[in-house]
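The values are calculated or read from the model by the stated rules, or taken from the named source; none is laboratory data. All figures in this text were calculated on a predicted structure; none of them were measured in a lab. Because the Cβ atoms are built from the backbone with ideal geometry, glycine has one as well, and the counts that use them run over all protein chains shown.
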Amino acid sequence: MELILAVIGAGPIGYFTKTRKTGLITYLALWAGVFPIQTVVVFSESGSDNNAFYWVFNALILCGGIALNQLGSWLRRRRAGVRPAGARA
């Protein structure tokens with residue numbers, strides 16, 4: 001579930017929100033709702049102890065989602081022709 005959110009949702013969330021901060025907060029709020037549910041489902045079905053690879057892999061997915069979110073925000077600003085403050089013309 002977290003991987004689906006990162007791959008399909010992170011970029012468009014960054015692209016369609018007005019600011020980079022709003023996009024990141026929106027993505028992290030959705031992630032904070034999905035991740036605990038996913039964790040409960042995974043560990044209730046497997047019945048095993050916490051596996052370190054699960055936590056590392058999901059941290060990498062989160063980092064990738066944040067990168068896609070920032071890429072979406074960057075693409076929106078680039079298409080709109082907005083330059084960051086202090087940038088030369």
For this session: State all residues of segment 14-29 that are under 12 Å from Leu75 (Cα atoms) and part of a helix (DSSP H, G or I); if no residue qualifies, say none.
Result: Gly14, Tyr15, Phe16, Arg20
For this session: Considering each residue of segment 1-34, count those that are in contact (Cβ under 8 Å) with a residue 60 or more places away in the chain, within 11 Å of Gly65 (Cβ to Cβ) and surrounded by 17 or more Cβ atoms within 10 Å (Cβ to Cβ), and give that number.
Result: 6
For this session: Please work out which one of (1) surrounded by 14 or more Cβ atoms within 10 Å (Cβ to Cβ); (2) modelled with pLDDT under 95 is the condition Gly65 fails and give its number.
Result: (2)
Seminar exercise, completed: Picking from Val42, Val7, the residue that is assigned to a helix (DSSP H, G or I) and modelled with pLDDT under 90 would be Val42
Problem set entry | segment 1-29, residues that are closer than 20 Å to Val42 by Cα and out of contact with any helix residue (DSSP H, G or I) (no Cβ under 6 Å at 6 or more places or on another chain) | Ile4, Val7
